[in-house]
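All remarks here apply to the structure that follows.
Any read-out appearing in this document is the output of simple, stated calculations on the displayed coordinates, not a laboratory observation. Keep in mind that this is a model prediction, so the values were computed, not measured. Note that we place each Cβ from the backbone using ideal geometry, even for glycine, and neighbour counts take in every protein chain shown.
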């Protein structure tokens, strides 16, 4: 069964250990500005929401890439960027309605969550179980999927 | 590595921002943050300087682990000569500001001089500039932080600022970051205000590197597991926050009540962690909305609270009906037990105001307690207070005074003097429950003997965070000692003081030491930093820092005579509870402490001691 | 079933792939007009800077990609379509039968009626062939005049500067990228490029180009004569529809299609820059941008293969990196009165959000790249903003917070 990152805002304390772990693994440096996962702090509500790519089926980023630099990783189903092919045109960053593909000015390429090849560092670093890597059928994931479908580009097609 | 190795020097008089390399020889001797910034301060200012003069400097400092993957690696400190105490001040905060400063590539910011007009410092990675703050002067911390984020179109901007309290010269004004984390004690915000510096806003995208990333991830992961498995850091603090202590300390007979007249408070359970969890009738919610963590913290003791929307403090004021920083134990005690107030929502509101206007709830609450005692004695009357009745347990008086103090208005301006100056003004200096001008925190030294010595010898004035022997005397960490006995407490206090000096210089939170020994901490620092960072070396660094701070205070005019406690704790015995009949046995502990420290019987570090520590 | 796709840009290629999946036994013929495998024009600026080689521009990178999918990739240009006989005649005289035809022939650059644009040394920047010619002429120190500071002009501007040429940009409009940025944003962009040494003439027309002693001279109405070793023309594009004359396929600005991307003639569909497709905001417009082309290609192909796929309309959006200053635009940012604006001239940051009632309908963004995709999300999900509208009006930088709060609550 395909696994997914399940994000449970109810358990998140906003510590950003996920962002640090993500940037350590992917950039070799502790730097939330380059993290693929982001925790939103809704201060006035006392709510923290961890947020990253859902690896949605629509894969607008992948569809929009003009140079075939985004592909589906066979093992995880993650949509992954090829640094060798990415030219930094940023079309994917506006095509992704979740805002989870981002331009990294220091490399001139885009970055997004690739599920760390099946062993996501954010899930391992999360101290409260707000981020887990588990069966795709769980609830938080379903909610994000629903919003993926609501972004109605052309996606109403049943195929 | 892990140090950014860069200092930003900001001359407010000239309006200049300059980069300089971090002194790495000093970094090897003082580690970072508290220790290293104290070294810089001691080298750069005359200890006798007036804290509010342009000749005082204010240093914002991070540690080598600040901004790294180490649990609680978000700490930062403000080091200056304190406005409340005239002693060395080092006030430590969490939140996200410190890590952001590191991400921007800076270990420290040294502010010197005084700006001719209100300014704020904007740091965006390598670029630092002073910007006109006339639009923010007179505004609260909350308005300033929201305004700066909107002005710079950057929700990720991290802001540390003063509120009106720091502008109008409240002696115990703090610097508040991320809306409700604070470098709260000793009047560091007062110093900032005296320099016409409203805020520091930082955005960093460069990140922090460590010496050996693989060893570091291993060391920090193992240490996180230790925190998770520990009953205090893994269960008690996340679930209950520091407020877990309210009922515990009350039962010990060490909860100072009504300006330390009593050691137990009948209303303790009304203002405890348990009470914060209770569902209220009005809206079916609890005071506690959830727990929130500082940067990198896997403990998450922070409280996020929402006041009952029908409570008198907020029912007509929608702007306070949101969630914000809730009560920590020290604040709940100072705003509550110290004044006999048992209204949880009133305390939460007063705490909100402390954050919003930037002042220390401990010194504020304790000063209100002193004023209430003077009122009870008839020394202060409604003529002095503008009609406010300063009766014990009067919640409305407490919340009104919080608002007045924040703005420096009415009787609030007198509260803003702090308890030492206030009680002196009214002719009863003995009623100030303070050491070196700084008010006590929430542990009565008659019921927890070691804390008496901790307070008396604390270099920044009365403080629990300079040697938290409560851990041993009450919680049994690392091993249980008898809180009612002064035997062996001198050695215990020294061990805590030195270890804390190292922890406060590393960029991590002292709360980790409920679970971590130095054996857990040293490998994390060693993997992150160049140099030898054994347990022994860290303890030596801690001792060096303690002696350097002591030396600063001596040069500033303090003597061994200032290592004392108010008469009430030394003469008036506790009336109830386990400590009934006890006073604090400071007179017995202090000589032993001096001897173990390698100081003269007058409390002066000997040349041998200074030489051994390369001071 | 035999499918013929005219045009091997993103719309054509995605359509071919979609057809292959939707109808595994169908015959798919993809007809491209250029001497290279299907490639992306979006990548040409990066080819010019040497960041990639020509194969880096290819839409699909795998070896024998089309063969392995059983897609017949064929070189040729359509000359005529005969719906009665269901045939396409190519320029080389070859005739192709089809059961379903997709017109995805894209657009070609417009050559304005200015004397001298046929001279040697004057080029569009549109095809790989153009890119090769420009690369040969745009050497360090050479004089280059760029006609037009629209999207395409801007996207190649940086490449030209990076090659070290002396660049002058001549734009007839009063600002840069007038289609995707308002006056405030266009002015900011202008100051940005000027600060980096680009000579920019707005509200200026090229009146003629002439050859003097082996090099070119560009005459303008306001700025005299400009010497040039190379003139690049980028003043706009028009859909490639000439070959449809007499076919009965209705054409307005582009080919008229319905919400299933079928043209006025049965069995003929259109997609991409050539199609005047359903617009997210209502009506039908040509949205010549990559994401729209891809969506068109997919929806058209599904319908061609017999599915019933309805297109709910494209959202016009664009992103542009002009010498390091990134600008983006989404949806209906012009003409709304209910807007939130944040402007920081010193920092080169500008945000404009346009609201209609409780919804975001358009946005402009300069100087920020992180999480900007949520602007598409906010607009296209038609999410009700509620209390967040007020927050966005006070601080428009909170777009990602608004999106997450409104959709992940």
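Values for this structure:
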{"item": "Length-normalised contact order of the stretch B:450-534 in % [C-alpha pairs under 8 Å, at least 6 apart]", "result": "23 percent"}
{"item": "Shielding by partners, peptide A:58-66 (average Cβ within 10 angstrom, other chains)", "result": "5"}
{"item": "Burial ordering of B:509, B:42, fewest other beta-carbon atoms within 10 Å first", "result": "B:42, B:509"}
{"item": "Cβ-derived FRET efficiency at R0 56 Å, residue B:315 paired with residue B:530, nearest 0.05", "result": "0.45"}
{"item": "Global form of the stretch B:297-350, assessed from the alpha-carbon gyration tensor, a/c cut-off 1.5", "result": "oblate"}
{"item": "Among B:608-615, B:286-293, the order from most to least packed when residues are scored by Cβ within 10 Å on average", "result": "B:286-293, B:608-615"}
{"item": "By average C-beta atoms within 10 angstrom, highest first, the peptides B:357-366, B:275-284", "result": "B:357-366, B:275-284"}
{"item": "Separation of alpha-carbon centers, the stretch B:171-195 and the stretch B:1-64, rounded to whole Å", "result": "17 Å"}
{"item": "Percent RCO, i.e. relative contact order, over chain B, from Cα pairs under 8 Å lying at least 6 residues apart", "result": "16 percent"}
{"item": "Percentage relative contact order, the stretch C:260-409, counting C-alpha pairs under 8 Å, at least six apart", "result": "16 percent"}
{"item": "Cα pair distances exceeding 29 angstrom across the stretch B:6-203, given as percent", "result": "11 percent"}
{"item": "Share antiparallel - DSSP beta bridges, the stretch C:122-233, percent rounded to 5", "result": "40 percent"}
{"item": "Mean residue ellipticity (222 nm) of chain B, computed from DSSP H runs ≥ 4 via -39,500 (n - 2.57), nearest 500", "result": "-11000 deg cm²/dmol"}
{"item": "Burial ranking of peptide ranges C:38-49, B:224-235 (average Cβ count within 10 Å, highest at the top)", "result": "C:38-49, B:224-235"}
{"item": "Of all DSSP beta bridges in the protein assembly as shown, antiparallel share, percent nearest 5", "result": "70 percent"}
{"item": "Virtual paramagnetic centre 7 Å along Cα→Cβ of residue C:129, amide N under 15 Å, in the stretch C:40-75", "result": "C:75"}
{"item": "Nearest-0.05 FRET efficiency for residue B:25 and residue B:596, computed from C-beta distance (R0 30 Å)", "result": "0.55"}
{"item": "Residue-averaged [θ]222 nm for chain C, counting only DSSP H segments that reach four residues, each worth -39500 (n - 2.57)", "result": "-7000 deg cm²/dmol"}
{"item": "Ranking of B:504, A:114 by count of other Cβ atoms within 10 Å, fewest first", "result": "A:114, B:504"}
{"item": "Where Rh is the Kirkwood radius over Cα pairs, Rg/Rh for the stretch B:275-387", "result": "1.02"}
{"item": "Fraction of antiparallel bridges per DSSP, chain C only, in percent to nearest 5", "result": "60 percent"}
{"item": "Peptide B:298-309 - average C-beta neighbours from other chains (10 Å radius)", "result": "3"}
{"item": "10 Å Cβ neighbours from other chains, averaged over peptide B:38-48", "result": "0"}
{"item": "A:56, B:301, A:65 arranged by Cβ crowding within 10 Å, fewest neighbours leading", "result": "A:56, B:301, A:65"}
